[in-house]
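Let me begin by presenting the structure, written as structure tokens, before commenting on it.
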Amino acid sequence: MTLLMFNHAHDGHLVLTDTLATSAAGQPHLFQTKCWPLPHLNMVMVGTGSGNLFEAWYRTLQTSMLVRDIDNLDFHAPRVLRDLWDRVQSDHGSQVGTSTVYHFGFSSHGVAIRYVYRSTNNFESELADEPGFGVKPQPLGPFDPPGTFEDFVELAKMIRHEQDALPPP
């Protein structure tokens, strides 16, 4: 299970992830980075699902992409992510599952925005420029978006407890 929480505000983003990577059977496997800073693009990239995909995407962003900002990157992201996804699936087969890549940053106009690219949607670009809260996986019952850092921690603990109680995948 990957835990991702974000709060997209008018003046920026708060992004929290766990670091536990699980096997295809849902067992703890290793720890890895899921949130990657890209200060030259005034953004961070977060990945859920296949660590192979978002590690390859991060390497591509660092070594092969000549872009100005998050919006310029969005022009190229769907095509390049599809190519990387094809390679990951070819290398790892059915163990890959699904993946989602999130970009949180600031547009060239200084507006806090986020883009989402989902393997289940062929990595089509999904732009959000309005503030909002997101959590993955969703809690099983009703909840209020966290207001303080301590509330984020409590929500994460609640989700972890709920997920641990579910049968293995």
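When restricted to residues that are surrounded by 15 or more Cβ atoms within 10 Å (Cβ to Cβ) and under 30 Å from Gly26 (Cα atoms), region 44-78 contains 19. Restricting attention to region 139-156, the residues being without any contact (Cβ under 8 Å) to a residue 60 or more places away in the chain and either touching a strand residue (DSSP E or B) at 6+ places or on another chain (Cβ under 9 Å) or under 18 Å from Thr19 (Cα atoms) (or both) number 4. Within region 118-169, take every residue that is among the hydroxyl-bearing types (Ser, Thr, Tyr) and surrounded by fewer than 14 Cβ atoms within 10 Å (Cβ to Cβ) and give me the one that is farthest from Phe106 (Cα to Cα). The qualifying residue farthest from Phe106 (Cα to Cα) is Thr120.
Determine, yes or no, whether Ala9 is crowded, with 19+ Cβ neighbours inside 10 Å and small (Gly, Ala, Ser). Taking the combined requirement at face value, the residue does not satisfy it. Set side by side, the residues Pro137, Pro142, Pro168 differ, and just one is under 19 Å from Thr2 (Cβ atoms) and over 19 Å from the mean Cα position of the chain (by Cα), which is Pro168.
Summed over region 93-107, the residues that are touching a helix residue (DSSP H, G or I) at 6+ places or on another chain (Cβ under 6 Å) and surrounded by fewer than 18 Cβ atoms within 10 Å (Cβ to Cβ) give a count of 2. Of the residues making up region 75-95, at least one is without any contact (Cβ under 8 Å) to a residue 24 or more places away in the chain, aliphatic (A, V, I, L, M) and either part of a loop (DSSP other than H, G, I, E, B) or closer than 21 Å to Leu127 by Cβ (or both).
Check region 147-163 and report whether any residue there is farther than 17 Å from Leu41 by Cβ and assigned to a strand (DSSP E or B). No, region 147-163 has no match at all.
Evaluation of Phe31 against the conditions (1) in contact with a Ser or Thr (Cβ under 6 Å, 6 or more places away or on another chain); (2) crowded, with 21+ Cβ neighbours inside 10 Å; (3) among the aromatic types (Phe, Trp, Tyr) shows that the sole unmet condition is (2). Tallying residues that are in contact with a strand residue (DSSP E or B) (Cβ under 6 Å, 6 or more places away or on another chain), without any contact (Cβ under 8 Å) to a residue 40 or more places away in the chain and hydroxyl-bearing (Ser, Thr, Tyr) within region 34-65 yields 1.
Each reported figure results from applying straightforward, stated rules to the coordinates on display, with no laboratory input. On a predicted model such as this, the values are computed, not experimentally measured, just so you know. A quick note on method: Cβ atoms are made from the backbone with ideal geometry, for glycine too, and the neighbour counts reach across all protein chains shown.
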